[in-house]
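Trainee: I'd like to ask some things about the structure below.
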Amino acid sequence: MRGSLPIEHNALTAEQTAALSRYRARWAAIRRSTAPADRSAAEEGVRLAYCAAGLSPPARFVWCESPLALSRLAREASFVDGGNVKSALIERPRRKVAAAIRRRLHRRVRQNVESTVNPADALVASVTEAVLQATERDDVTLLDYLRRRSQPPSLSFAVRTLLGWRGLHYNSAGPDDLSWLGTCEYLRNVLGLRDETAPLLGLWQIAINLGWLQPHEKTCWLAERPALLRGDAQDLLHNPSGPALRFRDGWSLWAWKGVEVPRWIIERPERITLGAIDIESNVQVRRCMIEIMTPDRFVKLGGATRIAQDETGILWRKIWLSYDVWAAVEVINATPEPDGTHKHFFLQVPPNFRTAREAVAWTYGLSAKAYSNLVVRT
Amino acid sequence: MTEIFAQGDLLLERVADVVPSGSIEENLDGVTMVLAEGELSGHRHAIREPVTLFRDEKLASDMPAGLYIGHVKVSSEYARVTHEEHAPLTLPRGTYRVRRQRELGPKDARVLAD
């Protein structure tokens, strides 16, 4: 009978369309916020969300300064804390509200609102990825746990560990997991879908006021947001002069164009030498080292071999024994600088080119033959 | 033969005239139309002559993802693309498909074989 239910919103008015960008900006700011959590408002939101899910509010709140600290504390959860209720608290209301919205809103409108208010956010996704990787590195196996503790683990801990359902990914929610709430807030406030979105009142308050949460029946672990978050123009985690991500307990990550790198590479770049680049085994970190040293200096120090040269530029290549190959084409600005010199640039390219022309053509997505139709370059 | 014009990290190929489709923008004579802006420098590839800039992904299906900027239709005798660091580029009347330059980043690095 779903098809016969009234679909009230077939199209957005001009005013409703204008509101989309306001909600998009509001939720981008919420996801990327580095403000301290409003702890009492967040706890109130948790109580509301538990009640909406038909659960008793948790007896205990445990605040953590970072998701890594949360992960360390919450992995010690025992039967006293009760089982994890993330699904009942977040996933079930989400499905219920989505079903109610589907009955009231045309699919086209729904998709438009979702894609506009809650677009993919690469920066926040990279924070989630970095946090998950760090907590996984930090995680203990069931055997480690048994070695370290005299008490047996809870049944839930043992089962979830054996099934691989442990860690933040399965048990917690952060800014990335909660950003869908922005779409629902728009639908409630702008399109008036109040009854349909009523189960989300607590979740909104959570998303707006904290970073991460791991909800269990009796205990809810809550974590602060980052104190610092920096990205580049492509929304990759990036800071050329310090940590790209730092939490209030000091836990920090250093990143270059989305690649997590050791601290010294960012803060002591003068220590990057050809030898240090050669012994780095992570090929992505190696690329970062070359970029920070600058390809110009890498080439001048003899780091790469000249493969070919033509009127478009010079093709450079370096092959390491581990089958890692770096290639770049050095191009020269056709227009001179005010002092008469010409700026040189290095563009990193795939390693399989034989000529500089092929490499330069690739940078524009062209074949060397198509690029030969160049009439003028300035 | 497709004529190609390049100004720094911007490349324009002359294509057959088509009716503008997708998202369409027009500028008044003397009002700057920005084709692309440098992320760090803020330098801009811009045109001040009246042109139509339109963007229709269907017209760029043969191009690697992420490079397509749009099409520029020059209806007057010519239009000049200016940039702070490059000499101006003069485009005769016609339609041009505009793309940006790309390079590999650290996250693209892969070991070829093991």
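Trainee: Within segment A:238-256, which residues are farther than 19 Å from residue A:294 by Cα and either aliphatic (A, V, I, L, M) or not in a strand (DSSP E or B) (or both)?
Mentor: Selection gives A:243, A:244, A:245, A:247, A:248, A:249, A:250, A:251, A:253.
Trainee: Ok, one more. Within 12 Å of chain A (Cβ to nearest Cβ) and more than 28 Å from residue A:232 (Cβ to Cβ): does that describe residue B:68?
Mentor: Taking the combined requirement at face value, the residue does not satisfy it.
Trainee: Within segment A:257-264, can one find any residue that is more than 14 Å from chain B (Cβ to nearest Cβ), more than 17 Å from residue A:326 (Cα to Cα) and part of a strand (DSSP E or B)?
Mentor: So the first thing to find is which residues in segment A:257-264 are more than 14 Å from chain B (Cβ to nearest Cβ), and the list is A:263-264.
Of the ones still in play, those that are also more than 17 Å from residue A:326 (Cα to Cα) are A:263-264.
So of that shortlist, the ones also part of a strand (DSSP E or B) come out as none.
No.
Trainee: Please find, among B:79, B:6, B:60, the residue that is within 12 Å of chain A (Cβ to nearest Cβ), more than 20 Å from residue A:331 (Cα to Cα), buried (at least 16 other Cβ atoms within 10 Å of the Cβ) and in contact with a strand residue (DSSP E or B) (Cβ under 8 Å, 6 or more places away or on another chain).
Mentor: Numbers: B:79 fails: within 12 Å of chain A (Cβ to nearest Cβ); B:6 fails: more than 20 Å from residue A:331 (Cα to Cα).
It is B:60.
Trainee: Looking at residue B:13, is it in a strand (DSSP E or B), at pLDDT 90 or above and more than 9 Å from chain A (Cβ to nearest Cβ)?
Mentor: no
Trainee: Pull up segment A:319-328, narrow it to residues that are within 9 Å of chain B (Cβ to nearest Cβ) and assigned to a strand (DSSP E or B), then point me to the one that is surrounded by the most Cβ atoms within 10 Å (Cβ to Cβ).
Mentor: A:328
Per-residue answers, yes or no, for (1) touching a residue at least 40 places away in the same chain (Cβ under 8 Å); (2) in a loop (DSSP other than H, G, I, E, B); (3) in contact with a helix residue (DSSP H, G or I) (Cβ under 6 Å, 6 or more places away or on another chain); (4) not hydroxyl-bearing (Ser, Thr, Tyr):
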| position | (1), (2), (3), (4) |
| --- | --- |
| A:24 | yes, no, yes, yes |
| A:50 | yes, no, no, no |
| A:70 | yes, no, no, yes |
| A:73 | yes, no, no, yes |
| A:76 | no, yes, no, yes |
| A:92 | no, no, no, yes |
| A:110 | no, no, no, yes |
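Trainee: Mind counting the residues in segment A:329-370 that are surrounded by fewer than 21 Cβ atoms within 10 Å (Cβ to Cβ), assigned to a helix (DSSP H, G or I) and either at pLDDT below 90 or at the interface with another protein chain (Cβ under 8 Å from one of its Cβ atoms) (or both)?
Mentor: Here the count works out to 1.
Trainee: Another question, if that's okay. More than 13 Å from the chain's Cα centre (by Cα), within 14 Å of another protein chain (Cβ to nearest Cβ), more than 21 Å from residue A:374 (Cα to Cα) and not basic (Lys, Arg) - does that describe any residue in segment B:25-32?
Mentor: Within segment B:25-32 (the criterion being more than 13 Å from the chain's Cα centre (by Cα), within 14 Å of another protein chain (Cβ to nearest Cβ), more than 21 Å from residue A:374 (Cα to Cα) and not basic (Lys, Arg)), the answer is no, since none of the residues qualifies.
Trainee: Are there any pairs, at least 6 apart or on different chains, whose C-beta atoms fall under 9 Å, with the first in segment A:217-242 and without any contact (Cβ under 8 Å) to a residue 12 or more places away in the chain and the second in a loop (DSSP other than H, G, I, E, B), and if so, which?
Mentor: A:233/B:39; A:233/B:40
Residues checked against (1) touching a residue at least 24 places away in the same chain (Cβ under 8 Å); (2) of a type in the set (S, T, N, Q):
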position	(1), (2)
B:7	yes, yes
B:10	yes, no
B:13	yes, no
B:29	no, no
B:51	yes, no
B:55	yes, no
B:62	no, no
B:81	yes, no
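The values are calculated or read from the model by the stated rules, or taken from the named source; none is laboratory data. Since we're looking at a predicted model, the values are computed, not measured. Cβ atoms come from the backbone with ideal geometry, glycine included; neighbour counts cover every protein chain shown.
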